[in-house]
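First up is the structure itself, then whatever we jot down about it.
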């Protein structure tokens, strides 16, 4: 029987995955009234303020010098670049498809870590990468509306790349408490997104529709803060590679919720391509290497 602690960790893992699976749909609803860059800005302003308050309540030290520069760099990549691209992509792409593309993050992170000499090359990584590439090709051929929104697809892939690079970057930055890192990072990301919104001539206005407020509140407080705290809980009890399985669970939730709430078509291309992407991520990034499995 599983211990009470393991059951609590499993519950937190699945709760976080389910809640994160709703982010894409909420962004789609936000994009219907708000311009994408301004919508992303509003999200991270609302998410950063409670985290900054939490830093004060917990009396956590704010980073200085290289640690501060690292936290700001992390925020510009993880929150500004990643979500500027994803919010743009979700103007045209449905949430389920976008989340399947984001499922490439563990595999891309592993490839980037190898390229940047942070980890060793594994044959499984190459096999997984090839499976994932075939999956994306199937998705682009059979799961997207016609004509193909190529820029939106490239933006989603770029978002996954930025997300993965941010994960690799964290490993070489000076250590900062996770709550502080995200509070500073989200603040820096929100400022950068606001500048981009102004430069892009986005309309800077608060939502007028109740549905938009609900969507923004969801991604800010549930999809950012609650998911983050649940992930920290899981990461404190599981190794990182096991916690990364959320990237396989989230797309399933995203496809189901998008089909239900946003009328996303679930055709053969989406199912087959998505399955290939998830298999590729499992083989290339999540499955334990032979030496680790043999030691269990």
Which one of these is at pLDDT below 85 and closer than 20 Å to residue 231 by Cα: 132, 160, 137, 167? 167
For the stretch 32-63, give me each residue that is touching a helix residue (DSSP H, G or I) at 6+ places or on another chain (Cβ under 8 Å), part of a helix (DSSP H, G or I) and surrounded by fewer than 20 Cβ atoms within 10 Å (Cβ to Cβ). 45, 46, 50, 52, 54, 55
Mind checking which residues of the stretch 159-186 are without any contact (Cβ under 8 Å) to a residue 60 or more places away in the chain and closer than 25 Å to residue 50 by Cα? 178
Is there a residue in the stretch 73-87 that is over 18 Å from the mean Cα position of the chain (by Cα), part of a helix (DSSP H, G or I), touching a residue at least 12 places away in the same chain (Cβ under 8 Å) and closer than 19 Å to residue 186 by Cβ? no
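The values are calculated or read from the model by the stated rules, or taken from the named source; none is laboratory data. These numbers come from a predicted model, not from an experiment. Cβ sites come from the backbone with ideal geometry, for glycine too, and all protein chains shown count toward neighbours.
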